[in-house]
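Participant: Pasting a structure below so you can have a look.
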Amino acid sequence: MNESFAEDLPIEIESLVSRHFDGELDHEEHQCLQKWINARPENAKAYVGLALLHDRLLEANNQATEQRVDRVEKSLKPFSARKKNQKHLSWAIGALSSIAALLLISLFVIPMLQGTPALAAETQLEQLIEVARKSLDRTYLITSIEFRGNKRNGSKWNRKAVQEQRNRRHGRQQAPVDGALLHVRGENSYVLIRRFENGDEFVTGSDGQTSWSVPPKGRVQVSDNVERFRGEMPGNQHAIPFITLQDDLKQIRGAYNIQWRDSELASEESRSGQHCLVAEKKSAEHRGPKYIEIWFDMETGTIFEMLLDKLPQAKGGPKTVLLELLDQSEMPDDFFQHTTHHDSNRRVSYQNE
Amino acid sequence: MIDKQTETAMRHWTLAQPAVSAFIASQVHDVRQRDDLLQEVAVAILENYSRFDDSLSFKSWAIGIARNQTRNYFRNFKNKPLLFDSETVENLATAFADVSPQSIEPLDFLNECVDELNSKAKQLCDLRYEKDLKPAAIAEKLGMTANSVSKGLQRIRSSLKRCIEQKAIAGGAQ
């Protein structure tokens with residue numbers, strides 16, 4: 001070892017730093033700590049040594065806890081019971097984006113597990129991408145199961161309330177994604193249909209060439225940037241874009257530990273014939289939900305249900321999201337074009353980016 | 001297929017992540033918020049990597065991004081006071097950017113060192129880090145005073161630091 005991990009500090013400074021990590025310092029003590037840090041670069045360096053230790057302790061226990069809680073929760077709480085707890089709450093766009101991770105895993109990992117393990121990685125990757133390209137039309141119902149009561153940070157509620165108030169004021173209340181229908185085709189086409197309480201629909205989508213947004217009123221917007229309206233789409237804010245499957249395959253595969261779910265648990269939940277894959281995020285540095293369940297038919301590879309749990313909460317939203325496969329019927333060819341989702345007399349605004 | 005640039009960015013990020021994470025944790029005490037901010041930083045890095053001048057230090061660049069994200073975080077939560085003034089954040093950013101891989105490596109001994117703590121210390125460590133309890137809550141749980149819990153945690157950190165150093169030296173000598 002070439003350098004000391006962290007310098008020895010005077011006991012009173014060590015106490016100050018330690019209590020700072022516990023959030024125990026008052027204003028005056030913080031001033032004192034700052035004064036010490038700023039006095040010499042060596043002091044800042046010594047602080048950094050302890051901060052690295054503190055952060056590693058947080059990280060180690062954070063992961064261990066998440067995994068343990070998940071296991072206990074899943075063991076004690078049958079899937080059907082979770083569904084009874086559904087709360088119909090509108091939620092922020094950010095949370096939805098994690099669905100991308102799930103869909104990617106479902107598209108890639110399941111075929112991978114069913115395939116020949118001896119294939120070279122590159123070949124296998126190409127085959128998986130091919131499977132994704134050929135994937136059929138699918139329609140999912142999206143449900144937010146539980147909103148995370150954020151006891152740790154009450155201000156998050158305040159921020160959300162303020163934002164909602166602003167949105168209402170400007171007449172652009174966010175359409176709820178809870179209860180939305182998500183139609184996907186292949187690797188780059190989707191239609192997301194969200195419904196307001198009064199029955200109005202807000203539809204966004206992409207045909208792979210353009211993206212578009214059809215609000216209940218006002219102009220229809222079309223952009224040559226396929227990412228333009230993906231604010232509402234799974235994957236937009238999680239660096240796991242829903243559409244660019246190939247680019248993110250490696251990232252997804254690297255970010256999660258994937259294993260089969262205990263078959264005993266599966267049978268307790270009366271899901272004979274269905275298998276379940278469980279994916280747990282390896283560390284906080286990766287985006288997306290911390291826990292994912294994928295229920296599917298082993299023979300056909302058909303995915304029936306997908307559960308995203310412990311979604312990132314930086315931008316609000318639900319803790320848990322469920323996607324249920326409703327239909328696999330082929331959609332009409334023009335379904336992924338905006339014209340199918342509005343009257344022909346609506347004004348359309350085109351954006352070239 | 002993942003492109004070369006993203007792959008390079010991810011490789012850089014993997015090396016810089018411990019320092020960036022600790023930099024955020026030094027200013028944001030809520031673990032969940034720290035996690036979320038860290039994710040925001042990772043995304044910002046991937047999205048903006050094309051702007052990174054690779055003749056400069058990636059870690060400094062990443063910490064600069066973390067600094068901006070953390071500043072925005074406090075701007076959004078106006079009732080949350082900033083822990084450090086800009087001068088201190090600047091000095092810390094410089095110190096975190098200077099963290100070398102050699103100074104992080106010893107932390108790999110942390111789990112071993114935690115295992116070697118006595119049962120009381122381990123319990124305190126669990127309650128603080130696993131249950132995410134503050135000293136006052138731990139004190140209530142264990143029938144201690146908050147002050148003695150704080151002192152206990154300070155001793156644990158100090159002892160873990162020593163243990164890690166000793167193991168790193170012993171490991172290096174082998």
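Participant: State the number of residues belonging to the range B:150-167 that are more than 8 Å from every other protein chain (Cβ to nearest Cβ) and within 11 Å of A:Ser18 (Cα to Cα). Show your work before the answer.
Facilitator: To start, the set of residues in the range B:150-167 that are more than 8 Å from every other protein chain (Cβ to nearest Cβ) comprises B:152, B:155-156, B:159, B:162-163, B:166-167.
When the remaining residues are screened for being within 11 Å of A:Ser18 (Cα to Cα), the result is B:152, B:155-156.
Result for the range B:150-167: 3.
Participant: Can you name the residue in the range A:275-284 that is crowded, with 20+ Cβ neighbours inside 10 Å and within 14 Å of another protein chain (Cβ to nearest Cβ) and is also modelled with the lowest pLDDT among such residues?
Facilitator: Here the residue is A:Ala284.
Participant: Pull up the range B:32-50, narrow it to residues that are closer than 18 Å to B:Ala22 by Cα and without any contact (Cβ under 8 Å) to a residue 12 or more places away in the chain, then point me to the one that is farthest from the chain's Cα centre (by Cα). Reasoning before the result, please.
Facilitator: Kept after step one, since they are closer than 18 Å to B:Ala22 by Cα, are these residues of the range B:32-50: B:32-45.
Okay, now just the ones that are also without any contact (Cβ under 8 Å) to a residue 12 or more places away in the chain, so B:32, B:35-36, B:39, B:43.
On the way: B:Arg32: 13, B:Asp35: 10, B:Asp36: 13, B:Gln39: 13, B:Val43: 18 Å.
Looking at residues that are closer than 18 Å to B:Ala22 by Cα and without any contact (Cβ under 8 Å) to a residue 12 or more places away in the chain, I get B:Val43.
Participant: Right, something else. Kindly check whether there is at least one residue in the range B:149-172 that is part of a loop (DSSP other than H, G, I, E, B) and outside the structural domain of B:Ser26 (by TED's automatic domain parsing). Outline the logic, then answer.
Facilitator: Here is the first cut: in the range B:149-172, the residues part of a loop (DSSP other than H, G, I, E, B) are none.
No, because not a single residue in the range B:149-172 is part of a loop (DSSP other than H, G, I, E, B) and outside the structural domain of B:Ser26 (by TED's automatic domain parsing).
Participant: Here's another thing I want to ask about it. Look through B:Glu87, B:Glu130, B:Glu116 and report the one residue that is surrounded by fewer than 15 Cβ atoms within 10 Å (Cβ to Cβ), of a type outside the set (Val, Ile, Thr) and not assigned by TED's automatic domain parsing to the domain that holds B:Ala62.
Facilitator: Working: B:Glu87 fails: not assigned by TED's automatic domain parsing to the domain that holds B:Ala62; B:Glu130 fails: surrounded by fewer than 15 Cβ atoms within 10 Å (Cβ to Cβ).
One residue alone meets the criteria, B:Glu116.
Participant: Now, a different point. Taking the condition of being modelled with pLDDT of 90 or more and small (Gly, Ala, Ser), how many residues in the range B:34-63 meet it?
Facilitator: Qualifying residue count for the region: 3.
Participant: Give the residue that is nearest to B:Gln166 (Cα to Cα), with candidates limited to residues of the range B:137-148 that are more than 9 Å from chain A (Cβ to nearest Cβ) and in a helix (DSSP H, G or I). Break it down into steps so the answer makes sense when it comes.
Facilitator: At the first step, the residues of the range B:137-148 found to be more than 9 Å from chain A (Cβ to nearest Cβ) are B:137-145, B:147-148.
After this cut, where a residue has to be in a helix (DSSP H, G or I) as well, the list is B:137-142, B:147-148.
Details: B:Ala137: 32, B:Ile138: 29, B:Ala139: 31, B:Glu140: 34, B:Lys141: 33, B:Leu142: 31, B:Asn147: 29, B:Ser148: 27 Å.
Filtering the range B:137-148 for residues that are more than 9 Å from chain A (Cβ to nearest Cβ) and in a helix (DSSP H, G or I), the one nearest to B:Gln166 (Cα to Cα) comes out as B:Ser148.
Participant: Take residues that are touching a Lys or Arg at 6+ places or on another chain (Cβ under 8 Å) and more than 8 Å from every other protein chain (Cβ to nearest Cβ) and tell me which of the helices (runs of 4 or more DSSP H) falling wholly in the range B:60-136 contain 2 or more.
Facilitator: Values: elements: B:86-97, B:101-104, B:110-115, B:119-125.
Ranges flagged: B:86-97, B:110-115.
Participant: Further question: As an exercise: evaluate B:Arg11 against (1) within 11 Å of another protein chain (Cβ to nearest Cβ); (2) surrounded by fewer than 16 Cβ atoms within 10 Å (Cβ to Cβ); (3) at pLDDT below 85 and give the number of the one condition it does not meet.
Facilitator: Only one criterion in (1) within 11 Å of another protein chain (Cβ to nearest Cβ); (2) surrounded by fewer than 16 Cβ atoms within 10 Å (Cβ to Cβ); (3) at pLDDT below 85 is unmet by B:Arg11, namely (1).
Participant: Another question, if that's okay. Given the structure, is B:Asp36 charged (D, E, K, R), surrounded by fewer than 17 Cβ atoms within 10 Å (Cβ to Cβ) and either more than 7 Å from every other protein chain (Cβ to nearest Cβ) or part of a helix (DSSP H, G or I) (or both)?
Facilitator: Considered against the rule, which asks whether it is charged (D, E, K, R), surrounded by fewer than 17 Cβ atoms within 10 Å (Cβ to Cβ) and either more than 7 Å from every other protein chain (Cβ to nearest Cβ) or part of a helix (DSSP H, G or I) (or both), B:Asp36 comes out as no.
Participant: Next up: Considering only residues that are outside any helix (DSSP H, G or I) and either modelled with pLDDT of 85 or more or out of contact with any Lys or Arg (no Cβ under 9 Å at 6 or more places or on another chain) (or both), which ones fall in the range B:15-33?
Facilitator: Here is the first cut: in the range B:15-33, the ones outside any helix (DSSP H, G or I) are B:26-30.
Result: B:Ser26, B:Gln27, B:Val28, B:His29.
Participant: More than 14 Å from A:Leu57 (Cα to Cα) and modelled with pLDDT of 90 or more - does that describe any residue in the range B:107-116?
Facilitator: Initially, the range B:107-116 is screened for residues more than 14 Å from A:Leu57 (Cα to Cα), giving B:116.
When the remaining residues are screened for being modelled with pLDDT of 90 or more, the result is B:116.
Among the residues of the range B:107-116, at least one is more than 14 Å from A:Leu57 (Cα to Cα) and modelled with pLDDT of 90 or more, which makes the answer yes.
The values are calculated or read from the model by the stated rules, or taken from the named source; none is laboratory data. The shown structure was predicted, so the numbers you read here are calculated from the model rather than taken from an experiment. Positions of Cβ are generated from backbone atoms using ideal geometry, with glycine treated the same way; all protein chains shown enter the neighbour counts.
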